[in-house]
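**Student:** Have a look at the structure that comes next, please.
Values in this text are rule-based calculations from the coordinates and carry no lab data. Everything numeric here is computed off the predicted structure, so don't read it as measured data. Every residue, glycine among them, receives a Cβ derived from its backbone with ideal geometry; neighbour counts consider all protein chains shown.
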Amino acid sequence: MEESTEMIVERGSGNVFADLGLANPEERLLKANLVIAISQAMKAKRVSQKKLATMVGLDQPKVSALLRGQTRGYSADRLIGILNALGQDVKITIEPIPVRESRAGYTVVERIDPQSSSPSND
């Protein structure tokens, strides 16, 4: 006999770190997005982990760990500095919280394709 099981689906908040109940979810999401942008810029510019390590004063294993999401010990400012070293501008926009939102947070609005300098459709 087939047993009937009911699956419960819950809509996420848009921040997996908050949904998992982790500390500092907004900061974690910001850092994750910055690391994604670092990885994309490296691929677009064909920069190896070893070359990036030399460019920003790290060793290659630390770059590898960073690209695997290990951001402990890196501030958002440091990650932005790495993007700058890869020739990327990082723009921060500050605006009022929409009335329908209960609190402020971080949002990545768009990513710029490093080769074309135009917004991508990620």
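**Student:** At R0 = 22 Å, how high is the FRET efficiency between residue 94 and residue 27 if r is their beta carbon distance? Nearest 0.05 is fine. Present the calculation step by step, with values, prior to reporting the outcome.
**Tutor:** Numbers: r = 16 Å, r/R0 = 0.75.
It comes to 0.85.
**Student:** Output ³J(HN,Hα) for the range 53-60: one whole-Hz value per residue in order, computed from phi by the Karplus curve 6.51 cos²θ - 1.76 cosθ + 1.60 with θ = phi - 60°, and x for Gly and Pro.
**Tutor:** 4, 5, 5, 10, x, 10, 9, 4
**Student:** How would 95, 6, 26 line up from fewest to most surrounding beta-carbon atoms within 10 angstrom?
**Tutor:** On the way: 95 7, 6 4, 26 15.
Least to most surrounded, the residues fall as 6, 95, 26.
**Student:** Each residue of the range 42-47 in order: what ³J(HN,Hα) in whole Hz does its phi give by Karplus 6.51 cos²θ - 1.76 cosθ + 1.60, θ = phi - 60°, with x for Gly and Pro?
**Tutor:** 4, 5, 5, 9, 6, 9
**Student:** Right, here's the next one. What net charge is computed for the residues neighbouring residue 57, neighbours being all others with C-beta under 15 Å from the C-beta of residue 57, Lys and Arg scored +1, Asp and Glu -1?
**Tutor:** Details: positive: 50, 51, 62, 78; negative: 59, 77.
Around residue 57, the surrounding residues sum to +2.
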